[in-house]
Each structure stands twice: as C-alpha cells, then as structure tokens.
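Peer 1: Pasting a structure below so you can have a look.
Taken together, the values in this text are just the output of simple stated rules run on the coordinates, not laboratory data. Being a predicted model, the structure only gives us computed values, none of them experimental. Using ideal geometry, Cβ is built from the backbone for each residue, glycine included, and neighbour counts are taken over all protein chains shown.
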Amino acid sequence: MSRVALVTGGSRGIGAAISIALKNAGYKVAANYAGNDEAAAKFTDETGIPTYKWDVSSYESCVEGIAKVEADLGPVEVLVNNAGITRDGMFHKMTPDQWNAVINTNLTGLFNMTHPVWSGMRDRSFGRVINISSINGQKGQAGQANYSAAKAGDLGFTKALAQEGAMKGITVNAICPGYIGTEMVRAIPEKVLNERIIPQIPVGRLGEPEEIARCVVFLASDDAGFITGSTLSANGGQFFV
C-alpha cells in the first residue's frame, strides 16, 4: 500500500514540485494550502493531487486539516513542512505584526503540523519529517531578521526532534534551498537577478523547484533511513556550512 505524504504549501512553487515528485514516486499525496483557491483548484485539476485548505499558524486548524487528510487517504507517514511566508523589512522599521506573522507560520507552523502526526508515527515505528528551511536561516539576510530567525529555528527543531524520533524509526531532516526559480523569484527584475543575485551563485544559475523536490523524495525513501538530524544545502555553492 502506498505511503501517505502531506506537503504544506504544496500547491505552488517548490511545494507543488515536491507534491508532484512524491506522487510520481508512488506516494498518495495531499497538498495543503493557505489562501489561493484558484491556484489550488487548478493544481488539483492538472495533477489529480487533492488539496486541503488551512492555516499552519493555527494549531487547531492543523489538527482538523490533518484529520480530514487521514480520513481520506490514511495515516500521514511523510510530512513535508514547506509552507512559508515573508514580511521583509529592515529591523528598525519592522513591526511586531511582521515579526509574529513570519514566526507563527515559518517556525510555529512546524510544531503545529508535526505534533498531531508524531504519536501515530511513533506507534507505527515509521515516519519521515522533512523541513524546508532556507539558506538565509544559515547565513542570515539583511531585511529578514524575522525570516532568518524562523528558518534558523527550523534547523534547531530538526536536530532536537531527530534525536527523539531515531529509536522509533522516524527520521527528521531539513533542506536549505538557495535561490530557486519559482514564480516569486523570477518576478525579480532581470537586471537585479543578473547583476546582484546570480553572480553570488557559483554554479551560475538559479536552482529549479524540481531539484529541491528530488532531495525530498530521497529523504522520504527507505534508502535514507540512516540519515536523520541532517541539513541538506541545495544552493549552488552560494554558502557552505
């Protein structure tokens, strides 16, 4: 029987690529999304992957949403915490609302999503939790004190939880993408991309969402059972840890 994979923020960008790659690898996939009903409906029509709407910053919404997914597809065995937002601003101008929105989605969202599925993974002695962090959680980024703090927190969460899950057959790993050619990144003016961003990337190009998706498929597989608490940097050589 196919394993069930749940991908947050799974109907657009990197999340969509992850959802599709997992489906192609034989998983039964559910894609969570937060707000864009039109994009989610189009994604389901094109891929056949069901989408479920809830806000990962709300624990109660996560509990209810996960229950719907499990009623439809079965117990969640692979969880990909991909949902994330940005509310950029230089720190002296950053508001508490900007700070809290990013922390609540990008960091607390990992607790809200992982906690409801953790006991089931322990009971079944199998689980894969894959957290999508960021290069900016590793090196920091001006104008992103909130985002960098949240994404760095994702890495601490990964390392701590990996130690708890190891004896129960659960692996917990993180992926830190660099600049990936999503719709959002490609909307950056071409001059900025070519003169300020791409020159920082030694391989000389943006990454592709499918390259991050392939990392997820590997970490979700049985072949990755000895890898836990790890951070996989997929940034074209832009930053080394």
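Peer 1: State whether region 113-227 is rounded, prolate or oblate according to the following rule on the C-alpha gyration tensor (a ≥ b ≥ c being the square roots of its eigenvalues): a/c under 1.5 gives rounded; otherwise a/b larger than b/c gives prolate, and the remaining case gives oblate.
Peer 2: Cα axes put region 113-227 in the prolate bin.
Peer 1: Average the reciprocal distances over every distinct pair of alpha-carbons in the chain, invert the result, and give the Kirkwood radius in Å.
Peer 2: Final number for the Kirkwood radius of the chain is 18.0 Å.
Peer 1: Taking +1 at the Cβ of each Lys and Arg and -1 at the Cβ of each Asp and Glu, which of TYR147, ALA213, PHE111 sits farthest along the dipole of the chain towards its positive end, judged by Cα position relative to the Cα centre?
Peer 2: TYR147
Peer 1: So if each residue of separation counts as 0.36 nm, and I subtract the Cα-Cα distance between ASN100 and LYS159, what length gain in nm does that give?
Peer 2: Result for the pair: 18.9 nm of gain on full extension.
Peer 1: Can you put VAL129, VAL192 in order of Cβ neighbours within 10 angstrom, beginning with the fewest?
Peer 2: The most exposed by this proxy come first: VAL192, VAL129.
Peer 1: Also: Measuring from centroid to centroid over Cα atoms, what is the spacing of region 132-200 and region 29-71 in Å?
Peer 2: Going from one Cα centre to the other spans 22 Å.
Peer 1: Starting with the highest mean, order 139-147, 49-57, 28-36 by the number of other Cβ atoms within 10 Å, averaged over the residues of each peptide.
Peer 2: 28-36, 49-57, 139-147
Peer 1: So who's got an amide H within less than 5 Å of the one on VAL29, skipping anything under 5 residues away but keeping other chains? H placed 1.01 Å off N, in plane.
Peer 2: ALA5
Peer 1: In the chain, how many lysine pairs have Cα atoms under 18 Å apart, counting only pairs 8 or more places apart or on different chains?
Peer 2: Summing the qualifying lysine pairs gives 9.
Peer 1: Hey, rough spin-label estimate for ILE188 and ARG214, points 7 angstrom out along Cα→Cβ, what's it come to in nanometres?
Peer 2: Output for this residue pair reads 2.2 nm.
Peer 1: Next up: When the helix-only estimate is applied to the chain (DSSP H runs of n ≥ 4, each -39,500 (n - 2.57), divided by the residue count), what is the mean residue ellipticity at 222 nm, nearest 500 deg cm²/dmol?
Peer 2: -14000 deg cm²/dmol
Peer 1: Here is a further query. What length, rounded to one decimal in nm, is gained on full extension from ALA67 through to ARG205, with 0.36 nm per residue of separation minus their alpha-carbon distance?
Peer 2: Using 0.36 nm per residue and subtracting the Cα-Cα distance, I get 45.6 nm.
Peer 1: Under 8 Å for C-alpha pairs, at least 6 residues apart: give me the relative contact order for region 4-234, rounded to a whole percent.
Peer 2: 20 percent
Peer 1: Run the dipole for the chain about the Cα centre, Lys and Arg Cβ at +1, Asp and Glu Cβ at -1, nothing else charged, and hand back the magnitude in debye, nearest 20.
Peer 2: The dipole magnitude comes to about 480 debye.
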